Amino acid sequence: MSALLVTTSDGVRTITLNRAERHNAFDDSLIKELAAAFRDAGQAPGIRAVVLDSTGKSFSAGADLEWMKRMAGYSHAENLADAQALSDMLEAIDACPRPVIGVVQGPAYGGGVGLVACCDLAVAAEGATFCLSEVKLGIIPAVISPYVVRAMGGRAARRYAVTAELFDAAEAKATGLVHEVVPAERLAEVRDKWLSRVKGNGPDAMSAAKGLIRRAADQPLDDGLRAWTAEQIALRRASDEGKEGIRAFLEKRKPAWIEG
């Protein structure tokens with residue numbers, strides 16, 4: 001059975017973690033598959049959005065135990081290469097030029113929290129739980145930390161990284177890790193609502209907007225950033241998609257990316 005299921009329907013690429021028997025924990029092989037799947041989703045023509053979900057009761061338990069056993073015997077160089085592969089996978093999700101929607105039906109622990117943090121939108125079931133569990137094992141959530149801190153904020157991330165305490169979906173929403181919390185039977189409803197919204201937007205504009213927010217969130221508000229943002233809107237206004245979107249609005253019709 002494949003550890004990763006990838007399907008495409010109506011412009012939506014769905015990438016599904018499929019190791020329910022191991023709580024969708026990932027190892028070095030699955031990390032490479034995930035990275036490749038997201039890079040392909042970002043480059044494939046006609047893809048308007050990407051959904052990240054999983055089978056079984058857990059969203060992802062983070063690192064696979066058998067993989068961790070192997071890591072115990074790794075050299076420093078092997079550990080470094082392993083960690084870099086994980087970092088590359090998270091960046092492939094975070095930097096995917098298409099909107100990424102995370103559907104969290106159950107527990108997300110360790111690296112699983114990192115996966116959620118890399119999604120542009122995330123909905124969690126009311127019963128989902130979260131944990132930055134690394135310090136229980138004498139390690140730290142190092143590679144996922146930039147994404148988790150950006151999603152939750154430094155204060156909340158510090159608490160949960162140090163205590164490794166379990167927190168529920170309501171707290172995940174309060175910190176910003178997820179955007180909506182609903183009964184499990186309504187997860188698909190929220191997913192489809194978001195998919196409907198993003199399909200109405202300019203595909204290239206959404207990609208540019210993701211890049212805009214990634215940069216603006218990490219830069220001081222100075223003359224350089226202001227000049228860069230002015231350049232970005234000038235480029236979008238002059239683009240074919242920008243011109244079409246403005247014309248469609250003024251002419252009170254749907255833009256070509258919806259009509260097409």
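Quick note: the coordinates plus some simple rules give every number you see, no bench work behind them. What you are looking at is a predicted structure, and each value in this text was computed from that prediction instead of being measured. Here the Cβ is made from the backbone with ideal geometry for all residues, glycine too, and neighbour counts use every protein chain on show.
Descriptive notes on the structure:
- Amide H contacts for Val181 (H built 1.01 Å from N in the peptide plane; partners 5 or more residues away or on another chain; cut-off under 5 Å): Ala124.
- Surrounding net charge for Arg236, when Lys and Arg each add one and Asp and Glu each subtract one, Cβ distance under 15 Å: 0
- In the chain, the calculated helix contribution to ellipticity at 222 nm averages -16000 deg cm²/dmol per residue, counting -39,500 (n - 2.57) for every DSSP H run with n ≥ 4.
- D_trans [Stokes-Einstein, Kirkwood Rh over alpha-carbon pairs] for the chain, 25 °C, 0.890 mPa s, µm² s⁻¹: 126 µm²/s
- Distance distribution P(r), the range 125-188, all Cα-Cα pairs, bin width 5 angstrom from 0: 4, 18, 27, 24, 15, 9, 4, 0 percent.
- Calculated from the alpha-carbon coordinates, the range 23-165 shows an Rg and a Dmax of 14.7, 45 Å respectively.
- Rg ratio for the range 78-129: its Cα radius of gyration over 2.2 N^0.38 Å, N being its residue count, equals 1.25.
- Diffusion coefficient (Stokes-Einstein, Kirkwood radius over C-alpha pairs, 4 °C, 1.567 mPa s) for the range 130-260: 71 µm²/s, rounded to a whole number.
- Listed pairs Lys32/Lys254; Lys69/Lys210; Lys69/Lys173; Lys136/Lys210; Lys173/Lys243; Lys32/Lys69 exceeding 30 Å between Cα atoms: Lys32/Lys254; Lys69/Lys210; Lys69/Lys173; Lys136/Lys210; Lys173/Lys243
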